[in-house]
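Novice: First, the structure itself, so that you have it in front of you.
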Amino acid sequence: MIIETRFHGPEGSGNGGYTAGLLAAHLTADTVTVTLRKPPPLDTELRVSPADDHGLGAWLWHDDVLVAEALAGAIVVPPVSPVPLEVAAEAAEKFRAHEHHPFPGCFVCGPDREPGDGLRLEPGRVGEGTVAAPWTPAEVPSHAVMWAALDCPGGWSFDIVGRPSVLGTMTAQVVDVPEAGEPCVVMGLARTREGRKMHAATAMYGADGRLLGRSEQIWIEVDPRLFGG
């Protein structure tokens, strides 16, 4: 398994959601929990090994270093409710990270990415602890890209400008994928915060209001000096 440089989050490290989605695809479960143990290296051959004989677990290795682990998971709470596409579009205009993004080259939400290269999601506030972003994929997204799109809005629900945070654990379920050119809405919700640890949720809805995917997440606030902040 190789994470191409295009799919980075912080500079030099794979986007957490994209990496998790690549690893989750090795399991047979429809809901998977992925825990990231180390920054995923880019353009490097990584080894995937099964954690059991039933396709319910997998480990991701860089040589002898454990990068991530995936296990069959479950989500028992209702998904984040959607807002209309028009509301999400208005919220995106208030996205605060254009000048102060902690990771401006992020594949999912980095403002420095060219249209068609990154997803350029702009999660803006639509309520207390709730953000929304419109997204219209140019092509039918892969499983890993769906996980990526469900990643960053969770972090932005806590407004991470000036407080860099990275994905630690993500439990996600992809129910369906949008058509190419289908307008979607991606939601993010701040659940709870415990010191440097933040619990968030995300959900994606299609143009007809159908649930496409959802996730529950744990984010970890990191020292800005680690990323040149």
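Novice: Where does the chain land at 222 nm, in deg cm²/dmol rounded to the nearest 500, when only DSSP H runs of n ≥ 4 count, each adding -39500 (n - 2.57), divided by all residues? Write out the running numbers ahead of the final one.
Specialist: Working: 4 runs with 29 residues, N = 229.
Rounded to the nearest 500, it is -3000 deg cm²/dmol.
Novice: Given a 1.4 angstrom probe, what's the average accessible area per residue across the range 5-142, in square angstrom? Mind showing how you got there, number by number?
Specialist: On the way: 6970 Å² over 138 residues.
About 50 Å² of surface per residue is accessible.
Novice: Over the Cα atoms of the range 4-103, Rg to Rh with Kirkwood Rh, two decimal places?
Specialist: On the way: Rg = 16.8 Å, Rh = 15.7 Å.
We get a ratio of 1.07 for the range 4-103.
Novice: Then there is this: Could you do me a favour and compute the accessible area per residue for the range 165-229, 1.4 Å probe, result in Å²? Write out the running numbers ahead of the final one.
Specialist: On the way: 2760 Å² over 65 residues.
Result: 42 Å² of accessible area for each residue.
Novice: Here is a follow-up. Quick one: with all protein chains in place, what share of the accessible area of the chain is carbon or sulfur, to the nearest percent (1.4 Å probe)?
Specialist: On the way: 5450 of 10410 Å².
Here it works out to 52 percent.
Novice: Continuing with this model, one more query. Using Cα pairs under 8 angstrom and six or more residues apart, how large is the relative contact order of the chain, in percent?
Specialist: The value is 21 percent.
Novice: Follow-up question, since we're still on this one. So for the chain, what are the equivalent ellipsoid semi-axes in whole Å, largest first, each being the square root of 5 times an eigenvalue of the Cα gyration tensor? Intermediate results must be reported in sequence, preceding the final value.
Specialist: On the way: eigenvalues 122, 82, 56 Å².
Result for the chain: semi-axes of 25, 20, 17 Å.
Novice: A further question follows. In nm, to one decimal, how far is the modelled label at ILE2 from the one at ASP159, with both set 7 Å along Cα→Cβ?
Specialist: 4.3
Novice: On a full-extension model of 0.36 nm per residue, what is the gain between ASP117 and ARG37, subtracting their alpha-carbon distance, rounded to one decimal in nm? Don't skip to the end; give the middle numbers.
Specialist: Details: separation 80, 0.36 × 80 = 28.80 nm, distance 2.69 nm.
Result for the pair: 26.1 nm of gain on full extension.
The values are calculated or read from the model by the stated rules, or taken from the named source; none is laboratory data. All values derive from a computational prediction rather than experimental measurement. Backbone-built Cβ (ideal geometry, glycine too); neighbour counts: all protein chains shown. Just so you know, the surface numbers come from the protein's heavy atoms only, side chains and all, with ligands and any DNA or RNA stripped out. Shrake-Rupley method; radii C 1.70, N 1.55, O 1.52, S 1.80 Å.
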